[in-house]
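Contents: one structure, followed by commentary.
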Amino acid sequence: MFSTNVYSYINVLNKAADASWLREETIANNLANVNTPGYKRKDVDFQSVLRRELGSMKYTSLDSKVEHVDLSRLNASTYVDAANYSYRIDKNNVDVDTENVELASEKLRYDALTDSMTQEFTRLKTAMQK
């Protein structure tokens, strides 16, 4: 049977894009609940999961690490951020300005990830044509 890791980068980028999309949705939900008393902002953590997965391998090159990533372990997790912290009287800890900055930042990250996937597919297409 023919085995290849040609889609390794694309698979990891896809997982990262999914996590970025989830984070955008989570931030939008935080903004929607800015006036909900007692609401605690939520966030999504994917970067530490990816860092842990890539760092736990014995391989040294990034190519080797990406080829051996266990995609089933690359799952973003949502968590409540600073659950006991609130600067507001109503105990809500959502700051509109911070959330808007995070949302813009995440949008840029998502766009970069999808652009990277497009470039990977373009490279594969070019390689198949030669």
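Number of residues in the stretch 78-130 that are of a type in the set (K, R) and in contact (Cβ under 8 Å) with a residue 60 or more places away in the chain: the value is 2.
Would you point out the residue of the stretch 1-34, among those that are among the hydroxyl-bearing types (S, T, Y) and farther than 16 Å from V101 by Cα, that is modelled with the lowest pLDDT? Going through the qualifying residues, I end up with S3. Between V34, V94, the distinction of being crowded, with 16+ Cβ neighbours inside 10 Å and more than 18 Å from the chain's Cα centre (by Cα) belongs to V94 only.
Could you check the stretch 107-130 and list, in sequence order, the residues that are open to solvent by less than 50 Å² (accessible area, probe 1.4 Å) and closer than 15 Å to N14 by Cα?
Step one: of the stretch 107-130, the residues open to solvent by less than 50 Å² (accessible area, probe 1.4 Å) are 113-114, 116-117, 120, 124.
Of everything in the stretch 107-130, those that are open to solvent by less than 50 Å² (accessible area, probe 1.4 Å) and closer than 15 Å to N14 by Cα turn out to be L113, T114, S116, M117, E120.
Okay, residues lined up against (1) modelled with pLDDT of 90 or more; (2) more than 19 Å from A17 (Cβ to Cβ); (3) part of a helix (DSSP H, G or I):
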residue: T36; (1), (2), (3): yes, yes, no
residue: S64; (1), (2), (3): no, yes, yes
residue: V69; (1), (2), (3): no, no, no
residue: T78; (1), (2), (3): yes, no, no
residue: E106; (1), (2), (3): yes, no, yes
residue: A112; (1), (2), (3): yes, no, yes
residue: M117; (1), (2), (3): yes, no, yes
residue: R123; (1), (2), (3): no, no, yes
residue: A127; (1), (2), (3): no, yes, yes
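When the residues of the stretch 39-62 are filtered to those that are open to solvent by less than 40 Å² (accessible area, probe 1.4 Å), touching a Lys or Arg at 6+ places or on another chain (Cβ under 6 Å) and not charged (D, E, K, R), the one that is modelled with the highest pLDDT is V44.
The values are calculated or read from the model by the stated rules, or taken from the named source; none is laboratory data. Since this is a predicted model, take the numbers as computed values, not measurements. When we count neighbours, we look across all protein chains shown, and the Cβ atoms used for this are built from the backbone with ideal geometry, even at glycine. Calculation scope for accessible area: heavy atoms of the full protein, side chains included, ligands and nucleic acids excluded. Shrake-Rupley method; radii C 1.70, N 1.55, O 1.52, S 1.80 Å.
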